[in-house]
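Shown next, in structure tokens, is the structure this report addresses.
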Amino acid sequence: MARSLRVASKYIKDVKSALQRHGYHSQNALAEDIGISLSTAKNFLSGKSVDYLNFVEISEKLGLIWQEIANKEPGTETPATFLPENYSPFVTGSPITHPRYFFGREKELKRLFNLLKRHPLQNAAIIGKRRIGKTSLLHYLKNITTTPAENLRASQRSNLILKFEKTQWVFVDFQDNRMSSRERLLLYILKSLNLKVPEHCNLDYFMDVVSDNLRSPTVILLDEIGVGLQRCPELDDGFWESLRSLATNHTEGNLAFVLATHESPIELAHNTGHSSPFFNIFGYTATLGSLTEHEARELIASSPIPFPDKDVEWILNQSQGLPLLLQILCRERLFSLEEGETDENWREEGLRQIKPFAHLLEETEKES
Ligand SMILES: Nc1ncnc2c1ncn2[C@@H]1O[C@H](COP(=O)(O)OP(=O)(O)OP(=O)(O)O)[C@@H](O)[C@H]1O
Ligand SMILES: [Mg+2]
């Protein structure tokens, strides 16, 4: 197995433009950020072989899918250890992080991008039951605007890259315990925005630095904010009020928050004993449910082995267009096709696998 990889020559131009797009003004800046030698960065960018771990890391930093840009000549196959995770056509546990594997939500995305493309940027909340796809949507917002068209499905090509080229995105996951410390959270945001990071940071310093320096559109994505409210006493009303004040009065309309939660922000604040007006600034809420039939069909059609029509209808029907259930049933069908099975046992297995997520189906039935 090859231990090193190189960028295929047809992708070298894309790799170079990704460097600029991600704010690296020199090859050295990239090398320093990742902690690799300048010669490794140079080799990568000029299509020469680099160690595969470095190859993966540099690609990810530049928002590129390493499997796609890697040269496919015999002898340079990608390491098998990476294959299961990276090549899974159907993802059924972790959030979808690469836009290529994200389906649907077209209506919500249109609204969200509309709020974020003009000044003042406006805040939005994404509400939905457990496992409905909130985190995946936040990742999509952040990543689609920097993913080159070649790395998307043909139907996804858009001009978002141009419209949002100046926008900075910061993803905060409150399930990450480090974010429960106010100081660590503020330092993380400053670092993500490439602002001056002091050794210690309090709220006043953060407010000063951000209000004095934030000159380009910035969206802070707050995932699992309920956890932040419930478990993090340091994130008190004073903290949230300062964030609100920053967005509304001190950044010339350049700052917006998009949060993901199980319930509406106002109810959430109420139920967790917070009274901050921060939770009143979410003028748009998107409540996630099933994909549309067209979107669900697109997800099913992404299978590397096409499914027979009768199975497509069965999957649509059983999943009610819920993305996680679609993914599980497609995974089962694909597996049975790959194994050459001719019976319909995969259906029984599929139903067994979606059972733990029956709450999603109940909600859909109630809503419809
Ligand atoms: N837009 C989508 N396209 C394809 N699959 C999706 C999409 N949204 C969600 N999924 C599927 O649903 C699963 C759960 O998605 P995600 O983790 O984003 O949900 P969540 O609402 O953040 O869940 P939790 O409430 O547990 O945080 C993913 O692993 C994936 O299988
Ligand atoms: Mg989530």
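The values are calculated or read from the model by the stated rules, or taken from the named source; none is laboratory data. Note that the coordinates shown come from a computational prediction; the quantities given were computed from them, not determined experimentally. Cβ placement follows ideal geometry from the backbone for every residue including glycine, while neighbour counts extend to all protein chains displayed.
Tabulated results
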item: Members of the stretch 128-168 found to be of a type in the set (A, V, I, L, M), under 13 Å from LEU112 (Cβ atoms) and within 12 Å of ligand 2 (Cβ to nearest atom), listed by number; result: LEU137, LEU138
item: ASP208, sole failed condition from (1) within 23 Å of PHE278 (Cβ to Cβ); (2) under 20 Å from the mean Cα position of the chain (by Cα); result: (2)
item: Residue match in the stretch 60-77 (condition: modelled with pLDDT of 85 or more, closer than 30 Å to LEU259 by Cβ and in a helix (DSSP H, G or I)); result: yes
item: Options THR261, THR251, THR272: the member that is touching a residue at least 12 places away in the same chain (Cβ under 8 Å), within 16 Å of ligand 1 (Cβ to nearest atom) and either under 27 Å from ARG105 (Cβ atoms) or in contact with a helix residue (DSSP H, G or I) (Cβ under 7 Å, 6 or more places away or on another chain) (or both); result: THR261
item: Unique residue being assigned to a helix (DSSP H, G or I), closer than 15 Å to ILE281 by Cα and not β-branched (Val, Ile, Thr) when the list is ALA260, ALA247; result: ALA247
item: Subset of the stretch 116-157 that is of a type in the set (Ser, Thr, Tyr) and within 24 Å of GLY253 (Cβ to Cβ) - its residue that is nearest to ligand 1 (Cβ to nearest atom); result: TYR140
item: Pairs where the first residue, in the stretch 125-149, is without any contact (Cβ under 8 Å) to a residue 60 or more places away in the chain and the second is part of a strand (DSSP E or B) and within 14 Å of ligand 2 (Cβ to nearest atom), C-beta under 8 Å, 6+ apart; result: HIS139/PHE171
item: Filter result (within 16 Å of ligand 2 (Cβ to nearest atom) and buried (at least 20 other Cβ atoms within 10 Å of the Cβ)) within the stretch 172-201; result: VAL172, PHE174, MET179
item: Residue count for the stretch 202-227, restricted to those that are assigned to a loop (DSSP other than H, G, I, E, B) and surrounded by 16 or more Cβ atoms within 10 Å (Cβ to Cβ); result: 3
